[in-house]
Amino acid sequence: MFNVFFRLPEEIWKQKITMSTYKDENGHCYDLASFKRGDLLEAPRTLFTHFGIYLGDNKVAHLIPDILPVLTKNSNRIQQMVTNDRLIMGVISKIASVRVDTVEDFAYGAAILTNRMDKVCSQPPLNNEEVARRAEKLIGSIDYSLLWNNCEHFVMYCRYGTAASFQTIQFCEAVRTIFISKKSVLVTAALGLASIFYLGLEPYTALPTFFIPFTLWMAS
């Protein structure tokens with residue numbers, strides 16, 4: 001299913017970063033004139049890539065976790081740039097919203113890439129105005145899941161009509177590789193036998209010892 005939707009996922013990291021003339025306080029440059037309403041913007045960060053939809057007039061709609069709306073009703077404080085601390089606590093508590101920020105606040109000091117998904121997604125992009133309208137309709141509080149409803153799902157739905165996340169696919173494939181490997185089966189079996197040795201042969205030790213390795217083995 002996902003292999004059909006993403007033609008060449010490895011190519012997503014090979015595109016060049018285009019810098020421009022508008023500098024933020026970190027020295028990164030953004031050419032606002034080069035962004036069109038409905039463009040898909042990416043801001044690569046250390047552990048992940050953040051995504052948003054450009055609405056025009058230096059405004060970006062993006063889905064972002066944020067704990068602050070739970071702690072205060074002060075709209076001025078909430079509208080300030082979401083810091084990493086606010087974001088992490090929002091991820092843990094699953095509190096998020098689609099909000100509108102400036103390009104600089106959206107990027108959070110990172111360089112911005114434009115419409116790279118168009119080159120690797122088999123689904124053609126929708127009309128830019130339709131993309132922007134979809135994003136605007138979703139502004140406000142939204143259900144959040146780190147794996148199943150994140151910022152990438154949001155922009156993919158807006159631009160291509162299908163909610164998907166390449167980052168989630170990569171993560172799940174990595175986890176799958178770890179947990180269904182034959183080494184994992186042997187380690188799980190060894191731990192199970194050790195628990196039987198120390199705790200005795202009881203149903204609560206014997207059953208997991210048998211069924212967990214068996215399930216992993218059959219799935220590998």
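Since every read-out is calculated from the coordinates, none of them should be taken as a lab result. None of these values were measured; they are calculated from a predicted model. With ideal geometry, Cβ positions are generated from the backbone for all residues, glycine too; neighbour counts draw on all protein chains shown.
Each residue, Met81 and Asn127, gets one label point 7 Å from its Cα in the Cβ direction; the gap between the two is 3.6 nm. For the stretch 68-98, the list of trypsin sites (Lys or Arg not before Pro) that fall in a loop by DSSP and count at most 14 other C-beta atoms within 10 angstrom reads Lys73, Lys94. Take the Cα of Trp148, step 7 Å toward its Cβ, do the same at Asn74, and the gap between the two points is 3.6 nm.
Using θ = phi - 60° and the Karplus curve 6.51 cos²θ - 1.76 cosθ + 1.60, what whole-Hz ³J(HN,Hα) does each residue of the stretch 143-156 get, with Gly and Pro shown as x? So the Karplus estimates, Gly and Pro as x, are 5, 10, 9, 4, 9, 10, 7, 10, 5, 6, 4, 4, 6, 5 Hz.
Kindly identify the stretch 42-105 as rounded, prolate or oblate by the Cα gyration tensor criterion: order the square roots of the eigenvalues as a ≥ b ≥ c, call it rounded if a/c is under 1.5, otherwise compare a/b with b/c, prolate if a/b is larger, else oblate. The shape class here is oblate. Taking each residue as 0.36 nm, the span from Lys137 to Arg45 lengthens on full extension beyond its C-alpha to C-alpha distance by 30.4 nm.
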